[in-house]
Amino acid sequence: MSKPNPNQVTKVGAIGTGVIGGAWVLHFLRMGKDVVAYDPGPGSKDRLLAMVDNIWPTMEKLGPKEGASPSRLSFAESLRNLLPV
């Protein structure tokens, strides 16, 4: 398997949505990527959505790339469904 060109990546997966995982989610959303997040912890989806809502104005000040939007975030119910192989 070859290493993808980072400029051609359109979809990323995030395993864990705490402080660090959530920061990566925000970064990739700001870069205009589709993000699929997975975290089995109770309430993790609601906490991540709140984090995105609270921090997105800062992401906009940093200069979002074309297509950047919190609406590009989705959630996987299991690791198996995180990204297609």
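Here are the numbers for this structure:
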quantity: Given (1) in a loop (DSSP other than H, G, I, E, B); (2) under 20 Å from Lys61 (Cα atoms), number of the condition Pro4 does not satisfy; calculated: (2)
quantity: Breaking point among (1) outside any loop (DSSP other than H, G, I, E, B); (2) of a type outside the set (D, E, K, R); (3) without any contact (Cβ under 8 Å) to a residue 60 or more places away in the chain; (4) under 28 Å from Ser2 (Cα atoms), for Ile55; calculated: (4)
quantity: Residue that is farthest from the chain's Cα centre (by Cα) [pool: residues in segment 9-46 that are of a type in the set (Asp, Glu) and surrounded by 13 or more Cβ atoms within 10 Å (Cβ to Cβ)]; calculated: Asp39
quantity: Scan of segment 2-50 for residues that are among the charged types (D, E, K, R) and touching a Lys or Arg at 6+ places or on another chain (Cβ under 6 Å), ordered by number; calculated: Asp34
quantity: Long-range neighbours under 6 Å by Cβ, at least six apart or interchain, first residue free of Cβ contacts under 8 Å to residues at least 60 places away in the same chain within segment 15-42, second small (Gly, Ala, Ser) and assigned to a helix (DSSP H, G or I); calculated: Thr17/Ser44
quantity: Tally, over segment 60-85, of residues that are surrounded by 10 or more Cβ atoms within 10 Å (Cβ to Cβ) and either under 13 Å from the mean Cα position of the chain (by Cα) or within 16 Å of Gly18 (Cα to Cα) (or both); calculated: 10
quantity: Flag for Pro6 being loosely packed, with under 10 Cβ neighbours inside 10 Å, at pLDDT 95 or above and out of contact with any Phe, Trp or Tyr (no Cβ under 6 Å at 6 or more places or on another chain); calculated: no
quantity: Options Asp53, Asp39, Asp46: the member that is touching a helix residue (DSSP H, G or I) at 6+ places or on another chain (Cβ under 8 Å), under 21 Å from Ser78 (Cα atoms) and among the acidic types (Asp, Glu); calculated: Asp39
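The values are calculated or read from the model by the stated rules, or taken from the named source; none is laboratory data. Values in this document were obtained by computation on a predicted structure and should not be read as measured data. Glycine gets a Cβ as well: all are built from the backbone with ideal geometry, and neighbour counts include every protein chain shown.
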